[in-house]
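Values in this text are rule-based calculations from the coordinates and carry no lab data. Keep in mind the model is a prediction, meaning the values are calculated, not measured. For neighbour counting, all protein chains shown are included, and Cβ atoms are generated from backbone atoms with ideal geometry for every residue, glycine included.
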Amino acid sequence: MQFKIDFNQYVPVQHGPTQAYFAFRVTENKDFDTAADTDTYTCYPILPKGTINTRVPHYLPKAELQMILLLL
């Protein structure tokens, strides 16, 4: 998938149980590296065309999220 998101504002992640792609806004959530697995993230689905649907927030625990490594 080719992401068309602002990487200065959003971090792409994959939801482990569903394998769906989401992104969370950096300013709305705790630092991913220092957050506890029980912390909840406000995530937005990434559509097939690579854009984010910010009208449909999902509240997901960090334990279910996997960082997506991107080569820039």
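Structure values in brief
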read-out: Under 17 Å from the Cα of Lys30 - aspartates and glutamates, other chains or at least 8 residues apart; value: Asp39, Glu64
read-out: Charged-residue dipole, Cβ positions (Lys, Arg, Asp, Glu), the chain about Cα centre, Debye nearest 20; value: 340 debye
read-out: Net charge, Tyr41 excluded, C-beta distance under 12 Å - Lys, Arg +1, Asp, Glu -1; value: -2
read-out: Spin-label pair Asn8/Arg55, simplified geometry with 7 Å Cα→Cβ offset, distance in nm; value: 2.7 nm
read-out: Cross-link reach list, lysines versus Lys4, counting only Cα pairs under 18 Å and skipping chain neighbours closer than eight places; value: Lys49
read-out: Proxy reagent accessibility, fewest Cβ within 10 Å first, across Arg25, Arg55; value: Arg55, Arg25
read-out: Sorted by Cβ neighbour density within 10 Å, fewest at the top, the residues Lys30, Lys62, Lys49, Lys4; value: Lys49, Lys4, Lys30, Lys62
